[in-house]
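Undergrad: Right, I'll just put the structure down here and ask away after.
Nothing in this text is a laboratory measurement; each read-out follows from the coordinates by a stated rule. Owing to the predicted nature of the structure, the values given are computational and were not obtained by experimental measurement. Neighbour counts run over all protein chains shown; Cβ positions are idealised from the backbone, glycine included.
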């Protein structure tokens, strides 16, 4: 009695693992196919193909989605600022009577210093016109693996740089304590 029950359970498990049911989005037809026939989750089909199953994109983690949104926002901001810088550079070149394509950053710095004289002595208080790559902070690029998981172990902490610094401080403290213990042991043996 138990052997038949075990065989049936094993048989259903075998069917569940090796057989997949899918619905073709083009025709609405539902079929059961062995898993080996189905393409992986990264495969897409054209709208005209009726016999190929369609899959949505793999669901990416929430952290990766937030990071990708931040990168998109940063790229939009950088593109807008770069366009504004190029426009301002053209206006400045026209005011100076130079070609917009031939003006250099040194020419821009001299023109800004001439056009906006200031009695301020601090360099950070003076007006500047520099490319946005030099002024705006860049978003740190994070490496992800094929599954969408970040390669940096501290990615999911709220402040990865802070926790990395804490880890370094902890490791150096441990090394110093070990060195101190070694020095104390050496001084005891020499007495």
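Undergrad: Starting from the Cα-Cα distance between residue 164 and residue 101, subtract it from 0.36 nm times their residue separation and give me the gain in nm to one decimal.
TA: 18.3 nm
Undergrad: With label points built 7 Å along Cα→Cβ from the Cα atoms of residue 73 and residue 177, find their separation and express it in nm.
TA: It works out to 4.0 nm between the two label points.
Undergrad: With labels modelled as points extended 7 Å from the Cα through the Cβ direction, what inter-label distance (nm, one decimal) is found for residue 188 paired with residue 139?
TA: Going from the residue 188 label point to the residue 139 one covers 5.5 nm.
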